[in-house]
Amino acid sequence: MNWNEWDMIWKRQELPRGADADLATVRETFDAKSRKLAKGLLARDSLEAAAGIFVAGVLAVIWWKQGRAGWPIGVSIALVLGVSGIFVRERIRAHRIRVGPEAPFLARLEGDIAELRHQRRRLLGLGKWSLAPLGAAIVIGALTIARNRPAWDISRDPIFLGGYFAFCAFLFWGVWLANRRSVRRQFDPRIAELEKLRCDLLSPEN
């Protein structure tokens, strides 16, 4: 799965300036950036859900080949599908609360602020709802496969397994850091821009 997901959404876009942004520019570019965000989220959720289903299918084939001894892989499949289900749920939620282009500008602005805050919370909680279950799925699957292989197979070597788990842990740590960096550099400044624009629109002088 492509866990550095926000690079896809913000790619080729200038980083938001935050509270120092020029309001005229923020308003002028709002619709275009809002569409890009929506398309990016749709692509991310769809790809991640599909990737999870594919991985679950591969694990199901491995389980079938191992027979009854491979039953713990079923737990890995459930964990992977659970994470995929979260992305499917996100699509349903986004469709339900979507604000159409015919809505007043203020309603669309508040909708984007709410969506960005929601995605920010998801990124900061990535370890709990995504990395932890996927990590558990990897550990369970790898140990089950290693246990059911011949004693001479390298996959049963504790050093090999330790190195594999260390690599996965390092990869997950990198993903966790990358997403928190996205929150600092992209989400927080963009939210600040839009909230500044909302305050200006709601000002009694306007």
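The values are calculated or read from the model by the stated rules, or taken from the named source; none is laboratory data. The structure presented is a predicted model; accordingly, all values stated were derived computationally and were not measured. Cβ sites come from the backbone with ideal geometry, for glycine too, and all protein chains shown count toward neighbours.
Remarks
- Only residues that are of a type in the set (A, V, I, L, M) and surrounded by fewer than 18 Cβ atoms within 10 Å (Cβ to Cβ) were counted across segment 26-50, and they come to 6.
- If you go through segment 54-72 and keep only what is surrounded by 14 or more Cβ atoms within 10 Å (Cβ to Cβ) and within 30 Å of GLN119 (Cα to Cα), you end up with VAL55, ALA56, LEU59.
- Candidate set: segment 5-17, residues that are surrounded by 14 or more Cβ atoms within 10 Å (Cβ to Cβ) and either in a loop (DSSP other than H, G, I, E, B) or more than 18 Å from the chain's Cα centre (by Cα) (or both); chosen: the one modelled with the lowest pLDDT: GLU5
- Residue within segment 71-84 that is polar (S, T, N, Q), under 15 Å from PRO133 (Cβ atoms), in a helix (DSSP H, G or I) and under 13 Å from the mean Cα position of the chain (by Cα) present: yes
For every residue, the table says whether it meets (1) crowded, with 17+ Cβ neighbours inside 10 Å; (2) in contact with a Lys or Arg (Cβ under 8 Å, 6 or more places away or on another chain); (3) free of Cβ contacts under 8 Å to residues at least 12 places away in the same chain.
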{"position": "TYR164", "(1), (2), (3)": "no, no, no"}
{"position": "CYS168", "(1), (2), (3)": "no, no, no"}
{"position": "LEU171", "(1), (2), (3)": "no, no, yes"}
{"position": "VAL175", "(1), (2), (3)": "yes, no, no"}
{"position": "ARG180", "(1), (2), (3)": "no, no, no"}
{"position": "ARG185", "(1), (2), (3)": "no, no, no"}
{"position": "ILE191", "(1), (2), (3)": "yes, yes, no"}
{"position": "LEU197", "(1), (2), (3)": "yes, yes, no"}
{"position": "ASP200", "(1), (2), (3)": "no, no, no"}
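- Within segment 73-116, the set of residues being surrounded by 14 or more Cβ atoms within 10 Å (Cβ to Cβ), farther than 30 Å from ILE145 by Cβ and not aliphatic (A, V, I, L, M) comprises GLU90, ARG91, ARG108, GLU110, GLY111, ASP112, GLU115.
- ARG180 vs. criteria at pLDDT below 95 and part of a helix (DSSP H, G or I): yes
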